[in-house]
There are 2 protein chains.
Amino acid sequence: MKTEIGIGLAGFGTVGSGVYKNLIRNGALIEERTGVAFAVRRIAVKDLAEPRKVDAPDELFITSPDDLIADPSIRIVIELMGGIEFPLKFIRKAILAGKSVITANKALLAEHGKEIFELAKEKNVAVFYEAAVAGGIPIIKAVREAFVGNRFESIHGILNGTSNYILTRMTDAGLDFSPALGEAQKLGYAEADPALDVNGWDAAHKAIILASLAYGFWVEPSKVLVEGIEKVTASDIRFADELGYRIKLIATIKADDKDEIEVRVAPTLIPKSHVLASVNGVFNAVAVRGDVVGETLFYGRGAGQDPTSSAVLGDLAEAAAALISPRESCGFATHDLYGECKPAADSISKYYLRLGVEDRPGVLAQIAGTLGGAGIGILSVIQPESHTEGSVPLVLTLHDAPYGKMQTAAATLASLPCVKTEPLLLHMESFS
Amino acid sequence: MKTEIGIGLAGFGTVGSGVYKNLIRNGALIEERTGVAFAVRRIAVKDLAEPRKVDAPDELFITSPDDLIADPSIRIVIELMGGIEFPLKFIRKAILAGKSVITANKALLAEHGKEIFELAKEKNVAVFYEAAVAGGIPIIKAVREAFVGNRFESIHGILNGTSNYILTRMTDAGLDFSPALGEAQKLGYAEADPALDVNGWDAAHKAIILASLAYGFWVEPSKVLVEGIEKVTASDIRFADELGYRIKLIATIKADDKDEIEVRVAPTLIPKSHVLASVNGVFNAVAVRGDVVGETLFYGRGAGQDPTSSAVLGDLAEAAAALISPRESCGFATHDLYGECKPAADSISKYYLRLGVEDRPGVLAQIAGTLGGAGIGILSVIQPESHTEGSVPLVLTLHDAPYGKMQTAAATLASLPCVKTEPLLLHMESFS
């Protein structure tokens, strides 16, 4: 028993054209597996004259995404346009028209997820978004469905392939940030404007979606601590290595014992022995710890035409199943078992602190005294050999402390005459 | 809007009692997420007097699993009894009575999956089995749902925690098989009768389920090449290490370009750089390569009370959703896009061959000549230092060849007067 379901594609860029290509390529297989033949009825693009990355019949193309919504033969719309305001309006209209929605738009969901899913629930319309987080890795499905019996103790993710590529090259080849970024750009792993990738916000959007799903309330972007990798140097990576750690851009999501949630994206020292430390290049990975399942890890390509299409095709099958036999879920279950996000200043971790200090006796005593006065305990101190004009590096690792208190202490240290360079303060995760 | 759904547990051993415990523990959370309150109505056990691993009210316990099926307040039965014939009869009756079924019984599905899912389809009843493969890792969901848009190029899995623990200890501590097995037994990682775990059949049952799911037809156990880890020695692990490989019990599932399927479970050399090589101890992992998604990996605990319960709880949520809004799928979609399993003798790979040979000039020439005569190319030869009475080890790695031809050549070598010990022939996977 086969069913045909009409779909509309909004956007025919890298991902949109990939979805079309792979749907043509594996359509027979998908039909055999699901009993559904997906027919692309229309494809909305900005400019009909723009060269297409994938061949498709000219008559499919239109310039008004609203026409996808108006077309009664289209039951599922796939939003792959990019941007925020325009896709938000489009998705709102699609939901109001009763169309099922699939989107890969992480920024949109991170900023407007609450509104979208409230509207979807009200209109009893399903919204799918597997492709919005970690590309081809089915982490939305895992968190939402497979681990439904678990309290999430923590989720740690490498969610931005560009940053991970840059940090991998800085680690393997000893490059500093700028040349590693240049290399990533040359290979097409980083955009001409790499800001969102390297400043942590792309990963933060994905972390907000994961955290919201895991804890049942929409996390406000303003509550998330977001730091990029721009300030990390090749020396920091070497010093971390000496201490037994790798530096990765890690999204950390955790519930404490008062059910308050912490969400942070920052370059973070993780033990070399932890499996996330071996996730290199453009790959993504998400380590999920549930109170029942224990430690798990999901690994794969987090971006790119094909991996992202794989997630969209999975969502298409889900959307079709939900159309054939409607379920109550809109793709996001809110609940009241968890509290709020705690302020970033209250989040507790260990730290790596790199200072450039005067090379004379007494300096360490002064720094240790300042930290002691602030109530911050020292785990280790190393003074790596380094050739810097006017100062020598001093690297400390510090006991668990609230981030706000730690930042204040770092500012106090920065103001000491013996401290010659801006301190670099990084989080350390021990996964204990 | 909450729904209450009655469930019946058949079996209250390690997994059964774990499901009960975790359902009590996280019941409120599951209800908030799914809108369903699961109520355990009855628990069938063999012996009411047997001490229980988890506390539960006495009045729940009965001794006849049939009474679970007869109870109209029970809509989902969870089969966690173990064995094959009795659970098969029980599941048949449950399907005929229109109950949704959840099972963790891999041997049962590997041997009778075809019959079970045909009956389930006929009766329009859903059967779930996430817990049957790789414990808490949601690999069934990934293969069946998330990757529905992919042709599966290959699936490689470490699917038996006991064997993986033993091989890890042999690698890390240089132990031979027997003492490593003893250690696993002392720690509770291996049963008193470890046969199914170390002879490869436990992993083979799981591989049969995965392969069947990936390719849409039930793979016959007789078509699967199954070899255990008993013949692997600490020396082999050391020799493999010299060659840049680790030895793991790997389930290999592959489609060739004629859509013929190969399923094999055997101790296999894999490159140290491959992510599966770092999966140690009792952990499981599955690397899935799809034509759209590319390389992915799933990692977690493959056995044990809690991880396995996590999978059962996920299935419970699915079963409830399917009851509330019935879907056509019975949990297994057969289709006609793939052919058959090819005979193990036709499967092609590279090989590791360890011989014990006379320590005199001319021996290598004779062995190389024999292999050359059989049309098998040599990739490398090492003659590791070793103290064995009457023979010295000679380790060869061999080019791609059909397994049947390779076995014949190994038998010919074994019959040479200069070959003093039984040759050990292992597969090598290069993941190319």
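The values are calculated or read from the model by the stated rules, or taken from the named source; none is laboratory data. No experiment lies behind these values; they were computed from the predicted model shown. We place every Cβ from the backbone using ideal geometry, glycine too, and count neighbours over all the protein chains shown.
Observations on the model:
- Qualifying residue in segment B:349-363 (condition: in the same structural domain as B:Lys121 (by TED's automatic domain parsing) and among the polar types (S, T, N, Q)): no
- Test: residue in segment B:334-356 that is touching a strand residue (DSSP E or B) at 6+ places or on another chain (Cβ under 9 Å), among the acidic types (Asp, Glu) and not in a helix (DSSP H, G or I): yes
- Residue check, B:Leu119 buried (at least 24 other Cβ atoms within 10 Å of the Cβ) and either modelled with pLDDT of 95 or more or polar (S, T, N, Q) (or both): no
- B:Ile30 meets each of the listed conditions (1) touching a residue at least 12 places away in the same chain (Cβ under 8 Å); (2) more than 14 Å from chain A (Cβ to nearest Cβ) apart from (2).
- Residues located in segment B:102-116, provided they are touching a residue at least 60 places away in the same chain (Cβ under 8 Å) and either under 21 Å from B:Leu313 (Cα atoms) or among the aliphatic types (A, V, I, L, M) (or both): B:Ile102, B:Ala104, B:Lys106, B:Ala107, B:Leu109, B:Ala110
- Any chance A:Phe61 is assigned by TED's automatic domain parsing to the domain that holds A:Gly314, in contact with a helix residue (DSSP H, G or I) (Cβ under 9 Å, 6 or more places away or on another chain) and among the aromatic types (Phe, Trp, Tyr): no
Every residue, every condition in (1) within 14 Å of chain B (Cβ to nearest Cβ); (2) touching a strand residue (DSSP E or B) at 6+ places or on another chain (Cβ under 7 Å); (3) among the hydroxyl-bearing types (Ser, Thr, Tyr); (4) under 22 Å from A:Ile69 (Cα atoms), yes or no:
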| site | (1), (2), (3), (4) |
| --- | --- |
| A:Lys2 | yes, yes, no, no |
| A:Gly6 | no, yes, no, yes |
| A:Tyr20 | yes, yes, yes, yes |
| A:Leu23 | yes, yes, no, yes |
| A:Asn26 | yes, no, no, no |
| A:Thr34 | yes, no, yes, no |
| A:Asp55 | no, no, no, no |
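- Residue in segment A:221-242 that is more than 19 Å from A:Ser163 (Cβ to Cβ), in a loop (DSSP other than H, G, I, E, B) and out of contact with any His (no Cβ under 8 Å at 6 or more places or on another chain) present: no
- Summed over segment B:1-51, the residues that are among the hydrophobic types (A, V, I, L, M, F, W, C) and touching a His at 6+ places or on another chain (Cβ under 6 Å) give a count of 0.
- Segment A:385-415, residues that are exposed (fewer than 15 other Cβ atoms within 10 Å of the Cβ) and over 33 Å from the mean Cα position of the chain (by Cα): A:Glu385, A:Ser386, A:His387, A:Thr388, A:Glu389, A:Gly390, A:Ser415
- Given (1) touching a Leu at 6+ places or on another chain (Cβ under 8 Å); (2) within 21 Å of A:Ala345 (Cα to Cα), number of the condition A:Val198 does not satisfy: (2)
- Scanning segment A:263-275 for residues that are within 15 Å of the chain's Cα centre (by Cα) and not β-branched (Val, Ile, Thr) gives A:Arg264, A:Ala266, A:Pro267.
- Total residues in segment B:159-181, condition within 13 Å of chain A (Cβ to nearest Cβ) and closer than 30 Å to A:Arg33 by Cα: 0
- Scanning segment A:47-105 for residues that are touching a Lys or Arg at 6+ places or on another chain (Cβ under 8 Å) and assigned to a helix (DSSP H, G or I) yields a count of 7.
- Any hit, segment A:82-90, residues being of a type in the set (A, V, I, L, M) and either more than 21 Å from the chain's Cα centre (by Cα) or buried (at least 23 other Cβ atoms within 10 Å of the Cβ) (or both): no
- Any hit, segment A:390-407, residues being more than 21 Å from A:Ile229 (Cβ to Cβ), modelled with pLDDT under 95, assigned to a strand (DSSP E or B) and among the aliphatic types (A, V, I, L, M): yes
- Contact annotation: residue pairs with Cβ atoms under 6 Å, 6 or more positions apart or on different chains, pairing a residue in segment B:380-405 that is of a type in the set (S, T, N, Q) with a partner that is exposed (fewer than 13 other Cβ atoms within 10 Å of the Cβ), are B:Thr397/B:Ser380.
- Enumeration of residues in segment A:173-191 that are touching a helix residue (DSSP H, G or I) at 6+ places or on another chain (Cβ under 7 Å) and small (Gly, Ala, Ser): A:Gly174, A:Ala180, A:Ala184, A:Ala190
- Test: residue in segment A:194-210 that is modelled with pLDDT under 95, crowded, with 23+ Cβ neighbours inside 10 Å and within 22 Å of A:Val286 (Cα to Cα): yes
- Filter result for A:Gly82 (at pLDDT below 95 and either among the hydrophobic types (A, V, I, L, M, F, W, C) or assigned by TED's automatic domain parsing to the domain that holds A:Pro65 (or both)): yes
- Candidate set from segment B:316-363 (those that are more than 9 Å from chain A (Cβ to nearest Cβ) and charged (D, E, K, R)); member that is surrounded by the most Cβ atoms within 10 Å (Cβ to Cβ): B:Arg354
- For segment B:149-185, residues that are over 21 Å from the mean Cα position of the chain (by Cα) and within 30 Å of A:Pro307 (Cβ to Cβ) total 2.
- Of the strands (runs of 3 or more DSSP E) that lie entirely inside segment A:250-310, those containing 2 or more residues that are at the interface with another protein chain (Cβ under 7 Å from one of its Cβ atoms) span A:294-301.
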